[in-house]
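Reviewing the structure listed below.
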Amino acid sequence: MFREFEENKVCFVCTANMARSIMAESVLRKLRPDIEVFSCGILAIDGFNPTEETISVLEEKGYSCNGLVSKSVESCSFADSVTFCMTTKQKITLKSRFPKSEIYTLKTLNSIEKDITDPVKKGMEVYRETLNQIEKEIKRLFRDK
């Protein structure tokens, strides 16, 4: 099951909105500036900066998360957007709260129901691997025009 997305509004969701979803937002903002991108977290508290490791690995690959801070799902609108969660559990949680929204896991659409690894407290190498996974999936789903 493959679908190339041509959406104008995309949301990425993870747990605290301080690592994975911030990475995804930063990658898509750079690769497709024509798309409105935002991110949030299932358990996020509004206003926290990304982790230092997130900032570092993004900068290593030429991405920026300047100005991005954590947001809770309650502070985001899912109307008229397609939403990508980092885990199946997050997708199930969001679908129960927003049943009419278009919600997927980032890897679902390549027929693999596999989660994106949470790198928090696992070291820089895991952060790099996580960013590589996210970058690969975003490039596959949101091809250049």
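The values are calculated or read from the model by the stated rules, or taken from the named source; none is laboratory data. Just so we're clear, the structure is a prediction, and the values are computed from it rather than from any experiment. So basically every Cβ, Gly included, is an ideal-geometry build from the backbone, and we count neighbours across all protein chains shown.
Data for the structure
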item: Flag for L141 being over 12 Å from I22 (Cα atoms), touching a strand residue (DSSP E or B) at 6+ places or on another chain (Cβ under 7 Å) and either surrounded by 14 or more Cβ atoms within 10 Å (Cβ to Cβ) or free of Cβ contacts under 8 Å to residues at least 40 places away in the same chain (or both); result: no
item: Test: I45 is of a type in the set (A, V, I, L, M), under 21 Å from N132 (Cβ atoms) and either free of Cβ contacts under 8 Å to residues at least 60 places away in the same chain or not in a helix (DSSP H, G or I) (or both); result: no
item: Residue check, L28 at pLDDT below 95, under 14 Å from V10 (Cβ atoms) and in a helix (DSSP H, G or I); result: no
item: Lone qualifier among S64, S70, S39 - being at pLDDT 95 or above, closer than 19 Å to A16 by Cα, in a loop (DSSP other than H, G, I, E, B) and touching a strand residue (DSSP E or B) at 6+ places or on another chain (Cβ under 7 Å); result: S70
item: Residue among S96, S64, S101 that alone is polar (S, T, N, Q) and surrounded by 13 or more Cβ atoms within 10 Å (Cβ to Cβ); result: S101
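Quick grid of which residues meet (1) more than 24 Å from V57 (Cβ to Cβ); (2) in a loop (DSSP other than H, G, I, E, B); (3) polar (S, T, N, Q):
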| site | (1), (2), (3) |
| --- | --- |
| D80 | yes, yes, no |
| Q90 | no, no, yes |
| K100 | yes, yes, no |
| I103 | yes, no, no |
| T117 | no, yes, yes |
| K122 | no, yes, no |
